[in-house]
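Worksheet for the structure shown next.
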Amino acid sequence: MHQDDHINLTRVDPEVGFEPYADRPSLLGDRFREFANAAPLVSFFKLFLDPILVVATLYVLTIPFEIAADGHELLLAAFAFLLTALMLDGVFLFVPGYSRPLLGVGRFALEWGCVVVTLVLLGRLSGFADYFYPPFILTWFAASPVILLLTHALFRWLVLRPDGDVRSDAKKVVIIGANQPGRVLAQNMRMHPFLKLDFVGFFDDRTTDRLPELGQEKLLGNLKDVAEFVKNNNIQQIYISLPMTAQPRVVELLNELQDSTVSIYFVPDLFVFDLINARFDNVAGMPVVAICESPFLGMNGIVKRASDIILSLCILALIWPILLAVAIAVKLTSKGPVFFKQKRYGEDGRSVLVYKFRSMTVMENGDKVTQATRNDARLTPIGGFIRKTSLDELPQFINVLEGKMSIVGPRPHANAHNEQYRKLIRGYMMRHKVRPGITGWAQVNGFRGETDTLEKMQRRVEYDLDYLRSWTVWLDLKIIWKTATMMFRDRNAF
């Protein structure tokens, strides 16, 4: 099995049921990501076809504008391809069952706007824009989203068609075990009709009073009824979703099914674990299941790093006057260096040196570090202001270019705090599976600044792990936008 063959799992809360986060804005991209992982054709559409269409539109427009396609167009095409792959999630508009198309159109327009703004900024800052005929570029900016939307609509009509012929040759499926994994699997089959799986119902030995509310699904009988039902109803696939403790019953069922041609699959009950990027893998020919792994492997890692580099260069090009002004202010208002360098845990727990503008009269970097508090006496004359507005964090964009940090990720804590909290909070060190970030999902949800209680730190860690489970480029852009809007009104910053 290939390294990138992901298990299509949905986070389960035993107290609430499955998909408790489905309506949360932070996980808006989850539905699309499951959709894309489930179908290689759709994954190809998302990753490659949109960028190819944007580049093809550029070159087609060179014909009516009588523009010679030279090295300048080739470089522009390369940037457009990369930015479209990073920022555009437009196929989200056409996920079957998605009932808010206007919101999808708005999101698509915003994503294309981000591509355009980034290209314009890169062109202006580098002087590269002077090499292009403005009406040609403006026409391309206007024509590309129209071509993409029309292609998406055609793709949905010809390929997905949830109410058309896509299910005409669907395979009949039953699931053994009406537990949480089985219910999630049944729900995904209903959501993704292009998989051509016709879910018929559940078999379970438990009595109805011990079973959860099944909703649209129906209970077909006990395990002893499976073989006869399969034979009489042309069932083509069986998914066994039983715990490992049910091995004797599973072995007996397999023996009964040997007199049939039905395909049988086992659904591992991984919901007992706190899943981070769960997937199948292959190590030296031995199939294994990853329970906890970084989400930034393979193509995701390339996308994350490329977006960090592009955005950091653009941001540094815009904010260098602010960096210069803050550096001068720090030097003139207090004695000591302009920058404060502190060791933090980086990716996989490796120690990295993080840069900040100095906001205090002390330079704590040892085994004991005291967090900043409101009206802290250690603050310099401008220390409180640059901390409240996050100006002290701006040098960390240099850390991002060095590869030590990411723009978005779990905020790094002082090493002394890591050693303290890893013993108190379950799963604390999982947040170090990725590069630390200048800003993060916890910070834009009210957990920025002092964590004076264990509960606050636990909540921050919960949001950090939620980010690892839910990552998309769109989520990163959303966090960056929310961080920018919060800079001057965050009451937790001091």
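The values are calculated or read from the model by the stated rules, or taken from the named source; none is laboratory data. Remember, it's a predicted structure, so these values are computed and weren't measured experimentally. Here Cβ is always computed from backbone atoms with ideal geometry, including for glycine, and neighbour counts include all displayed protein chains. Side chains included, ligands, DNA and RNA excluded: accessible areas come from the protein's heavy atoms. Shrake-Rupley method; radii C 1.70, N 1.55, O 1.52, S 1.80 Å.
Among the residues of the range 430-458, those identified as part of a helix (DSSP H, G or I), under 25 Å from K356 (Cα atoms) and of a type outside the set (S, T, N, Q) are M430, R431, H432, K433, V444, K456, M457. The residues in the range 244-262 that are open to solvent by 50 Å² or more (accessible area, probe 1.4 Å) and either touching a residue at least 40 places away in the same chain (Cβ under 8 Å) or of a type outside the set (A, V, I, L, M) (or both) can be counted, and the count is 10. Quick one: in the range 469-494, of everything that is in contact with a Phe, Trp or Tyr (Cβ under 9 Å, 6 or more places away or on another chain) and aliphatic (A, V, I, L, M), which residue is modelled with the lowest pLDDT? Per the criteria, the residue is L475.
Within the range 312-333, the residues that satisfy the criterion of being over 30 Å from the mean Cα position of the chain (by Cα) and surrounded by 18 or more Cβ atoms within 10 Å (Cβ to Cβ) are V326, A329, V330. Taken together, I276, I309, I238 contain a single residue that is closer than 29 Å to T84 by Cβ, at pLDDT 85 or above and under 34 Å from the mean Cα position of the chain (by Cα), which is I309. Residues that are of a type in the set (V, I, T), open to solvent by 20 Å² or more (accessible area, probe 1.4 Å) and modelled with pLDDT of 75 or more occur at least once in the range 99-119.
Tell me, yes or no, whether the range 128-137 has at least one residue that is touching a residue at least 12 places away in the same chain (Cβ under 8 Å), outside any helix (DSSP H, G or I) and farther than 19 Å from F48 by Cβ. Yes, the range 128-137 contains at least one residue that is touching a residue at least 12 places away in the same chain (Cβ under 8 Å), outside any helix (DSSP H, G or I) and farther than 19 Å from F48 by Cβ. For the range 409-429, what are the residues that are in contact with a helix residue (DSSP H, G or I) (Cβ under 7 Å, 6 or more places away or on another chain), assigned to a loop (DSSP other than H, G, I, E, B) and touching a residue at least 12 places away in the same chain (Cβ under 8 Å)? Within the range 409-429, P410, R411, L424, I425, G427 meet the criteria.
Here's a check for you: in the range 146-178, which residue that is open to solvent by 20 Å² or more (accessible area, probe 1.4 Å) and at pLDDT 85 or above is farthest from V115 (Cα to Cα)? Per the stated criteria, the residue is K172. Reported count of residues in the range 420-452, each being over 19 Å from R387 (Cα atoms) and either at pLDDT 85 or above or of a type in the set (K, R) (or both), is 15.
Here V200 passes the criteria (1) aliphatic (A, V, I, L, M); (2) outside any helix (DSSP H, G or I); (3) in contact with a helix residue (DSSP H, G or I) (Cβ under 7 Å, 6 or more places away or on another chain) except the one numbered (3).
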